[in-house]
Each structure stands twice: as C-alpha cells, then as structure tokens.
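J.: Sharing a structure, written as structure tokens. Questions coming.
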Amino acid sequence: MGQHFEASHSLAGKLLLALPGMGDPRFERSVNAVCVHDAEGALGIGIGQLRDDVTFHDVLLQLDLDPGVAPDAPVHNGGPVEPGRGFVLHSPDWTSDGTMRVSDSLALSASFDVLRAIAAGEGPQHWLFALGYAGWGPGQLDDEMHHHGWHVVDIHEDIIFTAPTEARWDAVWRAEGIEPALLSSQTGQA
C-alpha cells in the first residue's frame, strides 16, 4: 500500500510455484507463468491444471473457427479471473500485433490471429491454451511474496511445453534441485 514499484523487481518472465500449505485451494500445486508485473499489478497464466469440461477444438468451434490441423489439445485452467477469456502461451517464433513478449523464450497472445494460425498449421512451434488468468492488483503480488505462499524460479520452457501438465509442479521443483516430497513433508513445521 503506497509502496513504490521498482521495475528491477518485476517477476514477469518467471514462474510462480505454490508452496505446500499456502492456504488457497485454488492455487494448490499451481505453476503460474508471470506475464505482466508492474506498478498496475500482475497477470499470470496457470499451466499446472487442466479443465475437464472443454478441449481446444471445442473452443475453436464455439468461436466459429475451423480447427483445421490443430490438435485437440487440452485446455489449461489459467486462473480464476475471467475464466471465459482465452490465452495462448507460446514460443516467440510466432508473433502478431497483439503478441506480448514475456521473456526470451516465451510469448503471450490472446487474439483470434494466433488461433487461426494454429488451426492453419502456421502458428508457434510450441504452445498451450488456457482459459482465465491469475490476477493481482497494485502491490498485491509484491505483498504476497513477503509472506508464505509462492516460490519464484526462472522459466523452464522445456518443462512448460513438454512435461505432462499434472507433472509440471514436481518437474520444476526437481529442475531447481529440490525434491518436492521433502518440501511437502516439512510444510507447517516450526
């Protein structure tokens, strides 16, 4: 509250891993790719949980887009904010006017252009689709970082785009040299 945001402390281009016992069941074992973090707040895309009520083809058909050659990929639960809004987290080898460069290895698009490109087989080499996002107001994520809840790591694009969704949380911890089972067994102990 009233804190001055320093751009050097931006978490954009990082992954947020929910620590065991963080207390919010919506983020249990969540992995969030932080795409925006500035004085106005933060936006992250959840990449650790899938929606079981819809597939990528379902979304394309609802938007009157022909799925073309697009695989009927699973849809990620991007977060609790605007759960009907779609986002494509992807490799930066494809861009359009609406593409946001998140890091050297990651971009975010939320336009029909990226969906059309994927359906035509002309989209990014690596991508995943999510509905919704995790949002934080001004200073909110900074405040949460000073309390128990999140662990910040660099982007692991190999894990983001190749590891099974349900295994990403464990895989990122292991890539950081931390055994998740030991981390879980220590949670809540003084």
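J.: If contacts are Cα pairs under 8 angstrom and at least 6 residues apart, what is the relative contact order of the chain in percent?
T.: 27 percent
J.: Would you kindly give the portion of the calculated P(r) for the chain that falls above 20 Å, as a percent of all Cα pairs?
T.: So the portion of pairs separated by more than 20 Å is 54 percent.
J.: Exposure proxy check: His147, His90 ranked by fewest other beta carbons within 10 Å?
T.: Result, fewest neighbours first: His147, His90.
J.: Separate question: As an exercise, find the ratio Rg/Rh for region 1-93 from alpha-carbon atoms, using the Kirkwood inverse-distance average for Rh. Spell out each step's value before the answer.
T.: On the way: Rg = 15.8 Å, Rh = 15.3 Å.
So for region 1-93, dividing Rg by the Kirkwood Rh gives 1.03.
J.: What Kirkwood Rh does region 84-136 have if only Cα atoms enter the pairwise 1/r average? Answer in Å.
T.: About 11.1 Å for region 84-136.
J.: Quick one: net charge of Leu61's neighbours, Cβ under 15 Å, K/R +1, D/E -1? Mind dumping the intermediate values first?
T.: Working: positive: Arg116; negative: Asp53, Asp58, Asp64, Asp66, Asp72.
Counting the neighbours of Leu61, the net charge comes to -4.
J.: Would you look at the GNM of the chain, springs on alpha carbons closer than 10 Å, and say which of Ser109, Ser96, Ser30 moves the most?
T.: Taking springs between Cα atoms under 10 Å, the residue moving most is Ser96.
J.: If we count every other residue with Cβ under 12 angstrom of Leu17's Cβ, Lys/Arg +1 and Asp/Glu -1, where does the sum land? Could the numbers behind the result be given before it?
T.: Values: positive: Lys14, Arg29, Arg168, Arg174; negative: Glu28, Asp154, Asp170, Glu176.
For residues surrounding Leu17, the net value is 0.
J.: Based on other C-beta atoms within 10 Å, arrange Ile160, Ile178 from fewest to most.
T.: Values: Ile160 24, Ile178 15.
Result, fewest neighbours first: Ile178, Ile160.
J.: By its C-alpha gyration tensor, with a ≥ b ≥ c as the square roots of the eigenvalues, how is region 39-130 shaped: rounded for a/c under 1.5, else prolate for a/b larger than b/c, else oblate? The partial results should precede the final answer.
T.: Values: a/c = 1.71, a/b = 1.14, b/c = 1.51.
Here region 39-130 falls in the oblate category.
J.: A further question follows. Under a GNM of the chain (C-alpha, springs under 10 Å), which listed residue has the highest mean-square fluctuation: Ala39, Ala134, Ala12?
T.: Judging by the Gaussian network model, the answer is Ala39.
J.: Report the extension gain between Ala167 and Glu144 in nm, rounded to one decimal, defined as 0.36 nm multiplied by the number of residues separating them, less their alpha carbon distance.
T.: 5.8 nm
J.: Report Rg(Cα)/(2.2 N^0.38 Å) for region 86-190, keeping two decimals.
T.: Compactness ratio reported: 1.28.
Where a number appears in this text, it was derived from the coordinates with a stated rule and is not lab data. Every value quoted in this text rests on a predicted model; they were computed, and no experiment measured them. As a convention, Cβ positions derive from the backbone with ideal geometry for all residues, glycine included, and neighbour counts pool all protein chains shown.
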